[in-house]
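Readers should treat all values here as calculations from the given coordinates under stated rules, not as data from a laboratory. Treat the numbers as computed from the prediction; the structure is a model and nothing was measured. FYI the Cβ positions are ideal-geometry reconstructions off the backbone, even for glycines, and counts take in every protein chain you see.
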Amino acid sequence: MSIEATAVLEIGTSHVRVLVGELRDDGIVTVIALGEAPSKGIRKGEIVNRDDVVASVRKAIKAAEENRRKSIHSVVLVTSAGQAEDKRSTGIHRLVDPVDNRLAEISQEDVAEVLEIARKVALPDNRIKLHTLQQYFQVDDMLGVIHPVGMTGEELRADMLTIHGKRSSVDNFRKIVDDAPIECTDAVFSGLCTAIAVVNEEQKKAGALVIDIGGGTTDYVFYQDGFIQAAGSFALGGGHVTNDIAVGLQIPASQAEMVKCRDGSALTNLMERDHNLSIPAVQGFSSKMVRAVTLNTIINARMEEIFTLVKDRIDAQCPNAPLGAGVLLTGGGAFLNGARDLGQKVFNVPCMHGKPFDVQGLPSAKEGPLYASHVGAIRYAASLRHVEEKVPLGRRLVRVLWGGAHE
């Protein structure tokens, strides 16, 4: 038996991808259909030509429908949310009257109350709340409490991490889906979905950093002690590497992308200074020879910038935080030669490809990191539907824990 199939749409800078899948009762995500189309009208993760984007979305959806042999009427949209950011908040709930010299036992209603208070975060008008994620509880002076129900105390606190994005960006992408025309049932942060797909419970406890390098944006999510401690995105990705190569070597973007994937590396090697690469001629551009060390120096500068930006943000929010499970790379940028080695150099911990676990039906193991956010979105949507079937209190709690409502 399985939960209802979900279609997930990602509108990236390089590709538009659709995945249709379902979560089985045994926890395995089964991929039913895939659809993909080149992305047009997107630059650095933002819409620059609505008509081109709508056409790309329609092509990807049509490809998935043909693969599935069934129409798609609604999708979950995964998005970087226009440079997503996180914000911490704390809810405080008095368990007893200040004049009453007695301790009170914490109930489910007390937990729901303090979580509701914690999730009430004031954001600027131009930001939209995507998810509110529960952290630790505190009962009086006892820190790091995970399950406070049944404990006694005078005061209950709850820490919350809110992930929010640029309202105009999220709204514009939802309108693109509406114009496809397809119903957009939810918009979720792609970085969170990727993390759900590739990080297991042991890695969350040990400390794990997920970095999703797309064409125009990079998402990151950092786990420590089982909870997300930091998350966000910024407008740098593999497309910027390609553009740097095109400008630096004075070749068209198509040739830059080809030579990046074929010959490029994120690590420089001085032994390559005598190694030359041949770039064939294309219309309007003559053929040329370039040094491999020149190409890789260009790639290294931008990729190191991306990794360093993530590292600086994590260090600022969680100084000296352990990364016992290392760094997991996903997205198209994860496959660039030398990317894992450079990541290990910058973070000084093991760096590997983040592959979705407990999933069946992807074309190949190599494509797993490309569809990590889709697989995670299937799990996310299924978890919401599962709890919605429970009692009203459970429904209330899931909105707090997963951020089902956009405010």
What is the gain in length, in nm to one decimal, between VAL96 and LEU267 on full extension, counting 0.36 nm per residue of separation less the C-alpha to C-alpha distance?
55.5 nm
Using the basic label-point model (7 angstrom from Cα toward the beta carbon), what is the ALA281 to ILE146 distance in nanometres?
6.6 nm
Inter-site label distance for ASN243 and THR185 at 7 Å from Cα along Cβ, in nm
3.6 nm
For VAL375, what charge total do you get from the other residues with a beta carbon under 12 Å from its beta carbon, if Lys and Arg give +1 and Asp and Glu give -1?
-1
Residue-span extension gain [ALA122 to LYS44] - 0.36 nm each, minus C-alpha spacing:
25.3 nm
Could you give the length gained by full extension between GLN250 and ASP171, i.e. 0.36 nm per residue of separation minus their alpha carbon distance, to one decimal place?
24.7 nm
Given springs between every Cα pair under 10 Å in a Gaussian network model of the chain, which of ARG262, ARG119, ARG50 has the largest fluctuation?
ARG262
For the chain, modelled as a GNM with alpha-carbon contacts under 10 angstrom, which of LYS40, LYS59, LYS311 fluctuates the most?
LYS311
Obtain the radius of gyration and the Kirkwood radius of the stretch 85-164 from its C-alpha atoms and give Rg over Rh.
1.04
Report, in cubic angstrom per residue, the convex hull volume of the C-alpha atoms of the stretch 201-354.
94 Å³
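Against the globular-protein guess of 2.2 N^0.38 Å, express the Cα radius of gyration of the chain as a ratio, rounded to two decimals.
That ratio works out to 1.06.
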Set the Förster radius R0 to 41 Å, insert the Cβ-Cβ distance between LYS345 and GLU154 as r into 1/(1 + (r/R0)^6), and round the FRET efficiency to 0.05.
0.25
